[in-house]
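Student: After the structure tokens below, expect a handful of questions from me.
The values are calculated or read from the model by the stated rules, or taken from the named source; none is laboratory data. Being a predicted model, the structure only gives us computed values, none of them experimental. Positions of Cβ are generated from backbone atoms using ideal geometry, with glycine treated the same way; all protein chains shown enter the neighbour counts.
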Amino acid sequence: MERVNTLIIGSGFGGSVMACRLAERGEKVLVLERGRRWLPADYPSVSQSHWLWDEDEPETQNGWLDFRYFGDMSIALGAGVGGGSLIYANVSVEAHPEVFEQGWPEAIRYHTLRDHYRTVGKMLNVQNLPDTQWTPRTRLMHDAAVALGDGERFRVVPQAITFDPDWHAGLDNAYGYGHSKPWINDQGQQQGTCVHCGNCDIGCPVQAKNTLDLNYLAQAEQHGAEVRALHHVRWVRPLQGGGFEVGVRDLDARAWRRLHADRVIVAAGSVGSTELLLRCRDQYKTLPKLSRALGRRWSSNGDFFTPAFYDERHIDPTRGPTITSAIDYLDGDENGARYFVEDGGLPDFLGNLLEHAAHHPRLSKTRLGAALLEYGQDSSPFARMMPWFGQAMDDPGGRFSLGRRWYAPWKRDRLRLKWDYRKARKAVQGLADRHLALTQATGGRAMTPATWRWFKNLVTPHPLGGCNMADSQEQGVVDHAGAVFNYPGLYVIDGATVPRSLGLNPSRTIAALAEHAAGEWR
Ligand SMILES: Cc1cc2nc3c(=O)[nH]c(=O)nc-3n(C[C@H](O)[C@H](O)[C@H](O)COP(=O)(O)OP(=O)(O)OC[C@H]3O[C@@H](n4cnc5c(N)ncnc54)[C@H](O)[C@@H]3O)c2cc1C
Ligand code: SF4
């Protein structure tokens, strides 16, 4: 039976930081990741394929995006070596210090994380969009904030992207990949610089995104950590005398594996970690002493999107990094609703598709190929649309559990999410109303999605909680350093432990919490 010191399940922000820090200390670390190891040629932005992950059929559908529908709430997740950093919009912001005044274990306050936030920023090479590279969305955000008398609330957001100060939109074929400049990062990995192509969420074709596989995980591997892609962990069982046995489905070989580990870190994300532990407690009964708090107090982080249309402005949301700036209303001065407005970009699906078709061997040297290529680079059916985006500080009103399937009511094995929109209504409505006000102040027409107006349905890419951290097992599942109550040697370190909404993009906080946990293990 294969045995390791530390087995990490998942390679997102929690898993990669832990792999790096423990491998640096000489531990034998094995990371099991359900998704693929993606190379730029395979990214959906380039290959135009491998789009979806299906948790029920991962051997046949192990693509880029795992989209889960739970009725009133849907959740978007990444799958692959590097976790959510592959699919994310690169915004790397600190949570506001006041967020840590309530809802956290005693040991976690802003000052606990201050240095860790900096470390994460350095590892991810976080930068601000250069002033010369503001996009039309950035300018609209700024104009709208000023028009409402809120100019001081506007700022560009820090991003895990490498920018080239010489790039500007006036260059010939400015968004062409040829303008990206190659460089070698601190971990010796080849990267490029940003050409504002707008594909951040479907894979950066020029490696300007500083994804975790290029920094934290690369450093972990240089220190001997092993990362196995397409390994889907299904259960964890404590062994008599210490350590754990872990059951894994090898998706490539279509075979079962069992491994032994002295310590197990579950880092499968808010949904993945919560689901795995719920199955271990309630379905397989391998971890029956997990806290009753498991699955509870889950938060959507109040994500909301409003499309708005302008007659006079050229916005071109398919160009530029997916998010560039924010207008910060997290102080709650406006009716007590706390939220963080951001601009949202869209990948250029049509342009990418046409460009892909143009490069097909049968078309590449024809006039049709050239025309497709030209149209693909110029087309922008959404040219006058502004996708207002943002997050709001909702109350953690969600609860995950395992439910029955109608066709097999004797089994409780279906992951369910009960989400109470009333706990999010004030904050999300505040954000939705602000989108309308910002649009009106700049001469546009906004459309609050009917899914919210009529049905109170939301989609979030920022799930938080499910295995919340707390000072006792009555209140949470793990302590401040991710140690699972009642199971020494078992940890959860990822977004599942964040016990409340942050009201803004959470990845930097998740990574800082992992740096904190790693520091506690000395
Ligand atoms: C479209 C999109 C845009 C986003 N933009 C931003 C942004 O700009 N800024 C920001 O801060 N956040 C953003 N996020 C959110 C961010 O990606 C997440 O908050 C972050 O990745 C969570 O980190 P994590 O470590 O908790 O989990 P993840 O990064 O999700 O990592 C969990 C990993 O575990 C793997 N896994 C799950 N189950 C298993 C299993 N059973 N066995 C093995 N492996 C498993 C998953 O495949 C995944 O790789 C975005 C998310 C999406 C979907
Ligand atoms: S805009 Fe394009 S080049 Fe820049 S980070 Fe996003 S995907 Fe990469």
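Student: When the range 184-195 is examined, which residues are found to be away from ligand 1 (no atom under 16 Å from the Cβ) and touching a residue at least 12 places away in the same chain (Cβ under 8 Å)?
Tutor: ASN185, ASP186, GLN187, GLY188, GLN189, GLN190, GLN191, GLY192, THR193, VAL195
Student: What about TRP521, is it under 18 Å from VAL17 (Cα atoms), at pLDDT below 95 and away from ligand 1 (no atom under 16 Å from the Cβ)?
Tutor: yes
Student: Hey, any hits in the range 47-65 for a residue that's buried (at least 22 other Cβ atoms within 10 Å of the Cβ), within 30 Å of ASP331 (Cα to Cα), within 11 Å of ligand 1 (Cβ to nearest atom) and in contact (Cβ under 8 Å) with a residue 24 or more places away in the chain?
Tutor: Within the range 47-65, not a single residue is buried (at least 22 other Cβ atoms within 10 Å of the Cβ), within 30 Å of ASP331 (Cα to Cα), within 11 Å of ligand 1 (Cβ to nearest atom) and in contact (Cβ under 8 Å) with a residue 24 or more places away in the chain.
Student: Could you please tell me which pairs satisfy a Cβ distance under 6 Å, a separation of 6+ or placement on different chains, a first residue in the range 102-122 that is free of Cβ contacts under 8 Å to residues at least 60 places away in the same chain, and a second residue that is in a helix (DSSP H, G or I)?
Tutor: Listed pairs, sorted by first residue: ARG109/PHE100; TYR110/PRO97; TYR110/PHE100.
Student: Pairs, please: C-beta under 8 Å, at least 6 apart or cross-chain, first residue among the charged types (D, E, K, R) and in the range 206-227, second in a strand (DSSP E or B)?
Tutor: Note: pairs meeting the criteria are LYS209/ILE161; GLU221/VAL227; GLU226/VAL29; GLU226/LEU30; GLU226/VAL31.
Student: If you check LEU77 against the conditions, is it in contact (Cβ under 8 Å) with a residue 40 or more places away in the chain and over 17 Å from PRO205 (Cα atoms)?
Tutor: yes
Student: Continuing with this model, one more query. Can you find, within the range 80-89, the residue that is surrounded by the fewest Cβ atoms within 10 Å (Cβ to Cβ) among those that are within 16 Å of ligand 2 (Cβ to nearest atom) and either within 16 Å of ASP494 (Cβ to Cβ) or without any contact (Cβ under 8 Å) to a residue 12 or more places away in the chain (or both)?
Tutor: The qualifying residue surrounded by the fewest Cβ atoms within 10 Å (Cβ to Cβ) is ILE87.
Student: Collect the residues in the range 430-487 that are touching a Gly at 6+ places or on another chain (Cβ under 9 Å) and of a type in the set (D, E, K, R), keeping them in residue-number order.
Tutor: ARG434
Student: Contact list please: Cβ distance under 7 Å, first residue in the range 270-292 and of a type in the set (Val, Ile, Thr), second residue part of a helix (DSSP H, G or I), pairs at least six apart or on different chains.
Tutor: Close Cβ pairs satisfying both conditions: THR274/ALA496; THR286/CYS280.
Student: Now for a different question. Conditions first: (1) more than 14 Å from ligand 1 (Cβ to nearest atom); (2) in a loop (DSSP other than H, G, I, E, B). ASP115 passes all but one, so which condition is the exception?
Tutor: Result: ASP115 fails condition (2) only.
Student: While we're on this one: Looking only at the range 396-420, how many residues end up being outside any strand (DSSP E or B) and surrounded by fewer than 18 Cβ atoms within 10 Å (Cβ to Cβ)?
Tutor: Here the count works out to 3.
Student: I've got another one for you. Which residues, taken from the range 203-212, are hydrophobic (A, V, I, L, M, F, W, C) and crowded, with 24+ Cβ neighbours inside 10 Å?
Tutor: Within the range 203-212, CYS204, ALA208, LEU212 qualify.
Student: Still on this structure, I have one more. Condition test on GLY302, is it part of a loop (DSSP other than H, G, I, E, B), touching a residue at least 12 places away in the same chain (Cβ under 8 Å), crowded, with 24+ Cβ neighbours inside 10 Å and within 16 Å of ligand 2 (Cβ to nearest atom)?
Tutor: Spelling it out, it is not the case that GLY302 is part of a loop (DSSP other than H, G, I, E, B), touching a residue at least 12 places away in the same chain (Cβ under 8 Å), crowded, with 24+ Cβ neighbours inside 10 Å and within 16 Å of ligand 2 (Cβ to nearest atom).
Student: Then there is this: Against the condition modelled with pLDDT of 95 or more and within 17 Å of the chain's Cα centre (by Cα), how does PRO463 come out, does it pass?
Tutor: Yes, satisfied.
Student: Same structure again: Kindly list the number of the only condition in (1) crowded, with 17+ Cβ neighbours inside 10 Å; (2) farther than 30 Å from ALA383 by Cβ; (3) more than 16 Å from ligand 2 (Cβ to nearest atom) that fails for ARG114.
Tutor: The failed condition is (1).
Student: Tally up the residues in the range 477-498 that are crowded, with 24+ Cβ neighbours inside 10 Å, more than 10 Å from ligand 1 (Cβ to nearest atom) and under 13 Å from ILE108 (Cβ atoms), please.
Tutor: 2
Student: Follow-up. Name, by its number, the condition in (1) out of contact with any helix residue (DSSP H, G or I) (no Cβ under 6 Å at 6 or more places or on another chain); (2) surrounded by 14 or more Cβ atoms within 10 Å (Cβ to Cβ) that does not hold for SER92.
Tutor: For SER92, the failing item is (1).
Student: Could you list, in sequence order, the residues of the range 445-469 that are assigned to a loop (DSSP other than H, G, I, E, B) and within 14 Å of ligand 1 (Cβ to nearest atom)?
Tutor: Once the filter is applied, which keeps residues that are assigned to a loop (DSSP other than H, G, I, E, B) and within 14 Å of ligand 1 (Cβ to nearest atom), the range 445-469 yields PRO461, HIS462, PRO463, GLY465, GLY466, CYS467, ASN468.
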